[in-house]
1. How many residues does segment B:30-61 hold that are at the interface with chain A (Cβ under 10 Å from one of its Cβ atoms) and open to solvent by 40 Å² or more (accessible area, probe 1.4 Å)?
2. Do any residues in segment B:61-83 that are without any contact (Cβ under 8 Å) to a residue 60 or more places away in the chain have Cβ atoms under 8 Å from those of residues that are of a type outside the set (Ser, Thr, Tyr) and not in a helix (DSSP H, G or I), where the two are at least six apart or on different chains, and which pairs are they?
3. Being surrounded by fewer than 16 Cβ atoms within 10 Å (Cβ to Cβ) and among the charged types (D, E, K, R) is the filter here, so list the residues in segment A:48-63 that pass it.
4. With the checklist (1) assigned to a helix (DSSP H, G or I); (2) of a type in the set (Val, Ile, Thr); (3) facing chain B (nearest Cβ under 9 Å) in hand, flag the one item A:VAL45 doesn't pass.
5. In segment B:14-45, what residues are within 23 Å of the chain's Cα centre (by Cα), more than 17 Å from B:GLU95 (Cβ to Cβ) and without any contact (Cβ under 8 Å) to a residue 12 or more places away in the chain?
6. Hey, B:ASP66 hits all of (1) of a type outside the set (Phe, Trp, Tyr); (2) surrounded by fewer than 17 Cβ atoms within 10 Å (Cβ to Cβ); (3) more than 11 Å from chain A (Cβ to nearest Cβ) but one; which does it fall short on?
7. Among (1) part of a helix (DSSP H, G or I); (2) within 9 Å of chain A (Cβ to nearest Cβ); (3) closer than 26 Å to A:ILE7 by Cα, which single condition is B:GLY139 missing?
8. From A:LYS66, A:LYS33, A:LYS5, grab the single residue that is surrounded by fewer than 19 Cβ atoms within 10 Å (Cβ to Cβ), closer than 30 Å to B:ALA97 by Cα and without any contact (Cβ under 8 Å) to a residue 24 or more places away in the chain.
Amino acid sequence: MARPKSIAAIHEAKYELRFCNGAEKAQRLKDYKSALAVAAKEFGVSEAMLEATVARDFGVWMKQEKMPKLPDQNR
Amino acid sequence: MKESVREDIRTTAEHWEWVRGLIRDIEREEKRDEFLKLLFQWDLAVREFRKVELTAMVLGQPNEKDFHFHSICLHSLLALGHSLILMAEAFEPKEFAHCQVEHGHIAAYVEELEQSFREWHHGFTDHEIAETKAKIFGGPS
């Protein structure tokens, strides 16, 4: 299954959100929401539906991209 | 009353007021420290929760028990988080400046937890999810 770029962008934003420090959290949350809104519009679904649908794909993406579990900037 | 006696009474009243102010400051600092202690403990719990979530839910194959405990932990962390937001309102931003805590940070942490809840404990049916998955990734719905 091909992963659309907008979904990868959501995962990337979520990854940054999860592992950023407290001071960055509000901005990262904003970035995540904006990536989510873009993809929801693209596929014509609600943001809540999109979040629920791609939740499991986040782990797959992390493995495929070989993302570290605890990046250096861990809070 | 002699002038010197009046002066003494005024001075004594000012001293009492100064001591009362000092006590109020100490009490407020105590409350702030208690709040910060709770906040940091909550933050630690959130971090530990995220570690387990990553292993069990995100990178693993979560079973019914995982979903159950994930939901319970999220509920508890959210309840505490919301109460911390309310408690934080009693303090001025400058009172947290020494430990780089801002009111907005707590709200963002709570919102992030809410986001996790929407992801894993939504009310959508399997059919609805499968349909959306097909729309996004292609393949049969």
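1. Number satisfying all stated conditions: 4.
2. If the second residue must be of a type outside the set (Ser, Thr, Tyr) and not in a helix (DSSP H, G or I), the pairs left are B:ASP66/B:GLY60; B:PHE67/B:HIS121; B:HIS70/B:PRO62; B:HIS70/B:HIS121; B:SER71/B:HIS121; B:LEU74/B:HIS121.
3. A:LYS63
4. Answer for A:VAL45: the failing condition is (1).
5. Looking only at segment B:14-45, we keep the residues that are within 23 Å of the chain's Cα centre (by Cα), and these are B:27-45.
Still in the list and also more than 17 Å from B:GLU95 (Cβ to Cβ): B:41-45.
Selection gives B:GLN41, B:LEU44.
6. It fails just one condition, (2).
7. Result: B:GLY139 passes all but (1).
8. Among A:LYS66, A:LYS33, A:LYS5, only A:LYS33 is surrounded by fewer than 19 Cβ atoms within 10 Å (Cβ to Cβ), closer than 30 Å to B:ALA97 by Cα and without any contact (Cβ under 8 Å) to a residue 24 or more places away in the chain.
The values are calculated or read from the model by the stated rules, or taken from the named source; none is laboratory data. Please read all numbers here as calculations on a predicted model, not as lab measurements. When we count neighbours, we look across all protein chains shown, and the Cβ atoms used for this are built from the backbone with ideal geometry, even at glycine. To get the accessible areas, we keep the full protein, side chains included, count just its heavy atoms, and leave off ligands, DNA and RNA. Shrake-Rupley method; radii C 1.70, N 1.55, O 1.52, S 1.80 Å.
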